[in-house]
1. Which pairs in the list B:Lys255/D:Lys237; D:Lys163/D:Lys247; B:Lys26/B:Lys491 are over 23 Å apart, alpha-carbon to alpha-carbon?
2. For chain D, what does the alpha-carbon gyration tensor say about shape, rounded, prolate or oblate, given a ≥ b ≥ c as the root eigenvalues, a/c under 1.5 as rounded, and a/b over b/c as prolate?
3. Please list 3J(HN,Hα) in residue order for the stretch B:486-494, calculated via the Karplus relation 6.51 cos²θ - 1.76 cosθ + 1.60 where θ = phi - 60°; whole Hz, with x for glycine and proline.
4. Sorted from largest down, give the three principal axis spans of the alpha carbons of the stretch A:96-194, whole angstrom values.
5. Using +1 at the Cβ of each Lys and Arg and -1 at the Cβ of each Asp and Glu in the protein assembly as shown, identify which of A:Ile196, D:Phe136, C:Ile101 lies farthest towards the dipole's positive end.
6. For the stretch C:156-246, what does the alpha-carbon gyration tensor say about shape, rounded, prolate or oblate, given a ≥ b ≥ c as the root eigenvalues, a/c under 1.5 as rounded, and a/b over b/c as prolate?
7. Measuring from label point to label point, each 7 Å out along Cα→Cβ, what is the C:Glu226 to D:Glu256 span in nm?
8. What distance in nm separates the two pseudo spin-label positions at B:Lys288 and C:Arg346, each 7 Å out from Cα along the beta-carbon direction?
Amino acid sequence: MKGDAKTTVHANPFMPEPARIIRTQMLTKDVKFFQIRLADMEKALAFRYSPGQFIMLSVLGAGEAPFSISSTPSRPGLLEFCIRKAGTVTNALFRFKENDLVGLRGPYGNGFPLEEMLDRDILIVMGGLGAAPLRSVLLYCLDNRDKFRRVILLHGAKNPEEMIFREEFYSLKEREDLECFLTVDSDTTGEWKENIGVVTALFEKCRNINPADTAALVCGPPVMYKFVLKELVKLNIPKDQILMTLERRMKCGVGKCGHCAIDYIYTCLDGPVFTYWDVLHMRELI
Amino acid sequence: MKTISVEHLCRVEGNGGISATIDGKKVTEVKFNIYEGPRLIEQLTIGRTPEEDVSLAPRICAICTLSHKNAVLRAIEKALSVKVPKKTILMRELMHMGEIIESHSLHIFLLALPDYLGYPNAIAMAAKYDLEVKIGLEMKNFGNHIMKTISGRYIHGENPVIGGFGKFPDKKDLLWIKSRAQQFMPFVLKTVSLFCELDYPEIPEDETLYACCDPGNGKFGFWGEKILLSNGESIPADDYKKLTNEFVVSHSYAKHSLYKGKPYSVGALARINNLGERLDGEAGRKFKKYFNEHWKKNPLYHNAAQALEILYCFERIPVLVKKILKDENTPKIIPYSVKEGKGTGLVEAPRGLLIHHYEIKNGLVSNVDIITPTAQNAEDIERYCYIATQKLLDEGQEEKIRDRMDLVVRAFDPCISCSAHSAQVRQGKTDEWKSKLETILTHEEPAFLGIGNFRQGDDAVGIFIGKQLRDAGQKNVWLESSTNEMESFWKSNAGKPVIFLDAIDFQEKPGTVTFLPLLYALNNSSLVHKFSPFVTGPLKYNQLKKSYILGIQPASLKRGKTISPCVKKATREVLETLKSRQKKNRHFKDKE
Amino acid sequence: MRIVKLKKENLFPFLEVISKEADLWAPVKKYEDKHVFKAVEDFSEIDLDYQRTIIPPRRILLPPKTNMFEATQNTYKEDFSNVSKKIIFGIHACDVNALVIMDRFYNFAYDDPYYTRARENTLILGYSCWPDEHCLCKSTNTHIVTEGYDLFFSKLDTHYLVWIGSSQGDDLIRKQPSLFNEDISDKDIQTYLNWQKEREDAFQAEIDFIDMPDLIELKYNDPLWEELGKACLACGSCTNVCPTCNCYNVYDKPILGKNASKIVRCWDACTLENYSEVAGGENFRENRADRLKLWYTHKLQAYISKYGKPACVGCGRCIVSCPVDINVLTVGKTLSGEKVDAFWKRFNLQVKKEVRK
Amino acid sequence: MENSKLKIGIYELTGCAGDALLILDCEKELIDIFNAADIQSFVMAKSDNIEGDLDIALVEGSVTTEKEIEELKDIRQRSKIVVAIGLCATVGGIQARFLDPKEWNERFKKVYGNIEMTHTKPVQSKPIDAYIDVDFYLPGCPIGKEQFLIFFTRILKGNPPEKSQNPVCVTCKYNENDCLLKKGILCLGPLTEDGCGAICINHNLPCAGCWGPLKTGNRTSEYYLLKEKGFDVEHIKKKMANYSGTKIASFLKELEKEKK
């Protein structure tokens, strides 16, 4: 794969394509959901990506930033993002309304190794904004349900108000082919009917998985990794089947600007999805 | 009693205001207020290396930064005996042209012109007078371009250093400047006719004294080794203090200056008045065409004078570039090894005479004195505002006062940052008071008023000297001790200058004598005891400005004590000085 | 490959011919002892007797600030104004080798059109050099060229031997073949060999780069990095002068009065403070020590493990640029356990002494 | 997105007025500047100034009188965003050099004697963030034209530029200058914020530090380096302090301690 020229929307990999904001919705008090479609309908339908990849969104006058894709390639046309207000670009995006134009280029990064996940148990562990990239792979698995065995979702948030996609995951609980467990550290609303406690407590629910044939997908805040990884190892899932997606400063997305470099790895080319083994032998990854 | 004031002077550089206090039909006080806080620049520059000061001192002001640079370089190079080659001097002159063009065009087009055309600012003016605004902006940009090319950037360029330039500008950049200056000519001529033919109001008009650098050799120019006054006097650079005599006033962090007790003006108008005859070429022709009596007494003609100077600069630039390029060598920075010396640099900043004086010891700057144009103009600004206000008041046009004061102040193109750089208080030299007193007495016929308390130690000294003076035959001497006498004093001396005799604490050795403008003493509460209420009543503003205090530092002000010996000794000195005048002065002759 | 001969006096006529259709860049003197590459019109400015330019020739291909796009709300216009026909003449072996590394990098995975287009329009005319005490290129094996040049000039007494490295190089020669001749005599060959041998022996600085990946791994937690971090001024000079550094930043420069922007890329350096800062303010490498470790790991470990040779071409620029003597030579030697005399060492001793007090 | 113009005020406290002047020096852009925003107050350029609520206040100059403290607090209250422009506002300027109140008092007396100011009391020069919260800083003595225009254009659209933490050396190398420090010249490039374009070094002159101190600059290392190169310790300290205002006070104190 490496060394082969990859393609993007344009021959110039830095050139964004105008894209229109279709719908926005506040998910929590500082996370907003965006549905975006390339302005050119043909290009929108032809746009291909895989779960775990990211794209670069640019706002005229503000700049450009990487965002992981939350939608699934199995439903082409629309791209979805969960964006937290953090810097200049996201602040500008938050001011945008439906029908406004942004620049979009990508997709970039390696994405989840779907081939290797086929016919395996899929254990998805997400915390906080970690739900953004993992929702993509979750929806992909559900859309191609026959290609995977058990699909388990463990999702933790600080409190119900900060759980992104709360309503969506609620409704997923009704599916019989998904084992969906939600938890919050504390219930601030008084209406929470699911689990209360840290996400690792949910591992109780998946004692009977077949570790050798499981792909575990993890994404969340740094503190979460520490405990979740320990649990996954305890479950005997091989280190190269534990997959995680990581954040780094990126300016180009195509391995040129150097900002995401760790050793000889460029997070934007060789990641953002890494195995636990990668993380262990490259000290700086987490 | 009411006060009309312009809280924030607009379209001037820096933060200041002007106010006039009116009592019925009389203006009692005009204050040019400087809100700009104290920066103590001269204190910052002491103890630094000359190189550091060349970088620090010009930061007094953004508009005149290169004038300051030229002045500090002239002073320090003199102090360190650095002789720079002619090419470097020519390059510095070219750089100065840039500043004059930039500053003058900013002032006349963007700051002053809206006044005459009735707009709040130049941008609002642009809709109807787009050509004028465009010329102004382009001209200003060209001035800035010259400054950037030679000094490194628009403001606070660091390229000019002691002994030369860090990097000499390229030939092709200079040639561009030359050709651009030539292209500009039609617009420059338009500028001159616009500002010389403008209808300037006649209020205020009054003669004043003009001071500027004498470039020597009968030429027009922006620096020299002598100061030329419009009355024909000439003062060498090193004696600059004879002209400036800075003192502190309490309504401003900028100091004021008086020459022989009188305000004077510096700036473009001063230069054109004093040196206009020397202009040649197109500038000379325009001078002959437009110059008239009004230019000598109306500060509003500053704008016309500035336009003429712009023309002079545009004519001078091609000449300078040609001269610079004649010598193909690139001068290297002249090194120096001298560690001690002193020097004064005189430069004509866009808004007038700028003086930098440095003393260097052991390779470090040990004393600094910087006198800026606006500080020198402050007194005249107040005086002309006073005249204008009084005149408008007399003519019943009170509503015009505010705008007119604004206009007058702006005409001086005051540079408030410059003025608030803060000079050092000069404690008078031991016998400086003698010469000052002498000068006043040759020009005025003041009344003397001894004040003080006989039972309070050295406080008696004012009355004591007064008495002795009277006994010695001095005319018009009054004593505070009796109330009756005071009433007739005010009656018979209305409008006359007064010399107050008193013990004042100015923190010197007991027995030291000082001679100060009354304004200074008045506002300096620590100097004077129970003084202010006494004077502020009957004394009119104009009279107040002409008055002085002859003070003696007391040793003790305790009740019941008599005058201390050292103060007595000082009294004798004062008496002798006045007596020696007696012989020369006709007022004493009457009694003899 | 073909080798031809060019008389010394024919050099300028040759440059005259080839510079008709392209800008000629060559080393010129900027300071007493320092040179830069400049687009020259007046050949007398060219000074071939130079050691190394302050900034490597990569700046000609991708200048410190490059405009990428003129953008509006829905259009992005590529700006390739930096791309023009260029010939870089007088470039030394180390810099030619660095460009080979850069070529590989900018073509890897995605093609960077700003570099590749500029590169495709640029011809490389190498020139032989003589090492000084800072030249490390023999240790990195980049003191000779095997690829990456169109022509390479080796200076002999009265002639240049000219290697033709590409078809475009050959085209240049053919513009006026009469300037060249092909009868290289045995004497010429001998002169060349002698010169070659003398040059090999003239190298003074040396590091064993083969051990570097392991040493860096073994000394990952060595106090050395903290010591370097304490002295490092984080000025970014080492990266800016390095011929194989490529990091950059992108910013959006809006145009006043229009709903449009310029998208500008400018060189960045991993040794600078906010290199690894992400939106929200988290900085992955806040310590100078961490950032230095990244630089050295990248140059001396990662690249070697991946391609079998270091991402250092031994040009010596970091050695002459770093005010506190943190450079490939002092760091490399310290890693191999050799004693070095450098400011950062003395500084740490001094600091330690004062702490003890 | 919205087209209503932002209300902007440009204010000058104590300083050389160079930053306000620099805005006027944007001759080619000046009309655009006035058209792009609603300049409510800009005393140096216009007389019809309105002192009301503002979206953005640009403040230059250091706080040097009690009146200025009040003015500044008033500006803060009426403005959504306050930007410190220029060295004086960001670090206190060259006049904030006297860190010790006693020394300042002495110096003040030397200049003004015992005069009691009637219009406003003086205070020791400080940057504006000593009294109010500041949203953005534009350093420089004076600020740069390009830096100002980028900032101004971006902030008008609600996108403040990303803060750079680079030293002057970065641009200096872009301009292919030789390192003066390496040559043994006292250059403050590594300790000074980037943005001026490395003008002085382009002119073969060492950086004097006029853009103010780089927050993360490694002063200790450069101090020892200069000491080793034979510079007088007092001279190094003065040079470092000249344009650092109140911002490197703790470092200077640290040095004093070491001496003892």
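1. With Cα atoms farther than 23 Å apart: B:Lys255/D:Lys237.
2. Oblate is the answer for chain D, as a/c is 1.5 or above yet b/c matches or exceeds a/b.
3. Working through the residues one at a time gives 4, 4, 6, 4, 5, 4, 7, 10, 4 Hz.
4. For the stretch A:96-194, the Cα spread along each principal axis is 42, 41, 20 Å.
5. Value computed over the given set: D:Phe136.
6. prolate
7. 3.0
8. That separation, rounded to one decimal, is 7.1 nm.
Where a number appears in this text, it was derived from the coordinates with a stated rule and is not lab data. If you're wondering where the values come from, they're calculated on a predicted model, not measured in any experiment. All Cβ positions, glycine included, derive from the backbone under ideal geometry; neighbour counts span all protein chains shown.
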